[in-house]
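In what follows, a structure is listed as structure tokens, so that the remarks can point back to it.
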Amino acid sequence: MSTPTPAAAHTSVLVINSGSSSIKYQLVIPDTHEVLASGLVERIGEPVGAVKHVAHGETTRRELPVTDHAEGLRVVLGLFDEIGPDLGQAHVAAVGHRVVQGGARYSGPALVDEDVVRDIDELSPLAPLHNPPNLTGIRVARELLPDVPHVAVFDTAFFRDLPAAAATYAVDTEVATTHQVRRYGAHGTSHQYVSHKVARLLGRPVEELNTIVLHLGNGASASAVRGGRAVETSMGMTPLEGLVMGTRSGDLDPAVLFHLYRNAGFSVDDLDDLLNRRSGIKGLSGVNDFRELHDLVEQGDAAARLALDVYLHRLRKYIGAYYAVLGRLDVIAFTAGVGENDDIVRAGALAGLEALGIEVDLGRNAGRKSEPTVISPDGARVTVLVVPTNEELAIARQALEVVGAGRA
Ligand code: AMP
């Protein structure tokens, strides 16, 4: 028997993020930000999977074989039935699905129908690790929850309308057009959420603000946002370009690939594995979690020190470049796992930029931030903030807007 949800009068949205071997979910009330339940199914397809369901302040963990995504979602719905909250009483107005690649087609969320399903499928070559599992999640959820509208929220949408000069790679136009080679960006839901939230926090119209958002998590990306619209971003055709990341290289000379292919016996799959999984902080230091990296630096580990220096150097380079792209800079906002929690990275990235009006108050910067926090000194020309991202809430809001359930 499940307990009735306390906020049953409000419309809720079930947000689903379906990865290659996992399903992350959250049942959230967009109007109040209240999270009624959240959870994670991991190790789908392995002999023993792991399921975590958090509701009513309690965490339930199960270990059981989860053969595929359909089975995973059935387990999740079973937990809602058994532990709650009761989905029937939660007024679920929509299911919001995170989809990584929306290509040049989607500049906003879309109500899922057969055309949208086909588009996501057709865009899979541009996001081979992400779009197929995203689509599996959509297919399975539509079967299991057929009476609720499903909405796809694309990670690329915020960057669909980048200026052509920022979106275009300087390669043969016919090749680029035929093969859809351009900058699509990623983490767009987070960049949009944070850049708009900054305006509300500062009590300024978003149209007036020029902002650099630094989304620093295991994946990392920067964006330049002018008046609420993205004008540049560091991730490219795929989420490999740009900043140094946990296990991804970010920018490098493409000729490195020719060299390793021609002279070192690397296959294309080997190169993919090298740059996506064996590079970045992990490739340089052996660890990809910043807490471990700082421990190693403190112990005098030279490789870890170099990894941190390379990471901070790349960040500072992007901040300078995006300052120039924007012409005038009002705000820098840090977000995601590293951006919200790591004061060493925040202070290190902005060190030496005082002449640009960018300063950090070390006292304000100290520690982890679970709430929006200004970390620049009063009167600084550029306001520097930490703004915790909330991609689930952003997806839920967008899904609700699409289904027109209103925001009572
Ligand atoms: P995300 O991809 O946004 O979930 O970020 C995950 C990353 O955040 C981890 O790999 C860590 O490197 C980093 N992280 C999480 N907590 C902390 C912390 N307390 N201090 C420094 N880095 C952290």
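The values are calculated or read from the model by the stated rules, or taken from the named source; none is laboratory data. Computed from a prediction, not measured in an experiment: that's the story for all the values here. Note: ideal-geometry Cβ built from the backbone for every residue, glycine included; neighbour counts use all protein chains shown. What goes into the accessible areas is simple: the full protein's heavy atoms, side chains included, and nothing from ligands, DNA or RNA. Shrake-Rupley method; radii C 1.70, N 1.55, O 1.52, S 1.80 Å.
Quick one: is Leu306 free of Cβ contacts under 8 Å to residues at least 24 places away in the same chain and either surrounded by fewer than 20 Cβ atoms within 10 Å (Cβ to Cβ) or away from the ligand (no atom under 14 Å from the Cβ) (or both)?
Yes.
Residue-wise test of (1) aromatic (Phe, Trp, Tyr); (2) within 29 Å of Glu232 (Cβ to Cβ).
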{"position": "Arg262", "(1), (2)": "no, no"}
{"position": "Asp269", "(1), (2)": "no, no"}
{"position": "Asp272", "(1), (2)": "no, yes"}
{"position": "Arg316", "(1), (2)": "no, yes"}
{"position": "Tyr323", "(1), (2)": "yes, yes"}
{"position": "Val338", "(1), (2)": "no, yes"}
{"position": "Ile344", "(1), (2)": "no, yes"}
{"position": "Gly348", "(1), (2)": "no, yes"}
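So which residues in the stretch 133-172 are of a type in the set (Ser, Thr, Tyr) and either farther than 21 Å from Gly108 by Cα or open to solvent by less than 60 Å² (accessible area, probe 1.4 Å) (or both), if there are any at all?
Listed by number, the residues that qualify are Thr136, Thr156, Tyr169.
With farther than 21 Å from Gly404 by Cα and in contact (Cβ under 8 Å) with a residue 40 or more places away in the chain as the only criterion, which of Gly45, Gly108, Gly84, Gly49 stands out?
On the way: Gly45 fails: in contact (Cβ under 8 Å) with a residue 40 or more places away in the chain; Gly108 fails: farther than 21 Å from Gly404 by Cα; Gly49 fails: in contact (Cβ under 8 Å) with a residue 40 or more places away in the chain.
Selected residue: Gly84, the only one of Gly45, Gly108, Gly84, Gly49 that is farther than 21 Å from Gly404 by Cα and in contact (Cβ under 8 Å) with a residue 40 or more places away in the chain.
Take the residues of the stretch 77-92 that are touching a strand residue (DSSP E or B) at 6+ places or on another chain (Cβ under 6 Å) and open to solvent by less than 30 Å² (accessible area, probe 1.4 Å): which is nearest to His10 (Cα to Cα)?
For the stretch 77-92, the residue satisfying everything is Ala90.
Just to confirm my filter: which strands (runs of 3 or more DSSP E) fall fully inside the stretch 165-276 and include at least 3 residues that are within 16 Å of the ligand (Cβ to nearest atom) and in contact with a Ser or Thr (Cβ under 8 Å, 6 or more places away or on another chain)?
210-216, 220-226
Filter the stretch 335-391 down to the residues that are more than 16 Å from the ligand (Cβ to nearest atom), part of a helix (DSSP H, G or I) and of a type in the set (A, V, I, L, M, F, W, C), then identify the one that is least open to solvent (accessible area, probe 1.4 Å).
Here the residue is Leu350.
Under 6 Å between Cβ atoms, at least 6 apart or on separate chains: pull out the pairs that start in the stretch 1-25 with a residue that is open to solvent by 10 Å² or more (accessible area, probe 1.4 Å) and modelled with pLDDT of 60 or more and end on any residue that is acidic (Asp, Glu) and not in a loop (DSSP other than H, G, I, E, B).
Ser22/Glu42
In the stretch 285-303, which residue that is more than 9 Å from the ligand (Cβ to nearest atom) and not in a loop (DSSP other than H, G, I, E, B) is most open to solvent (accessible area, probe 1.4 Å)?
Ranking the qualifying residues of the stretch 285-303, first place goes to Glu298.
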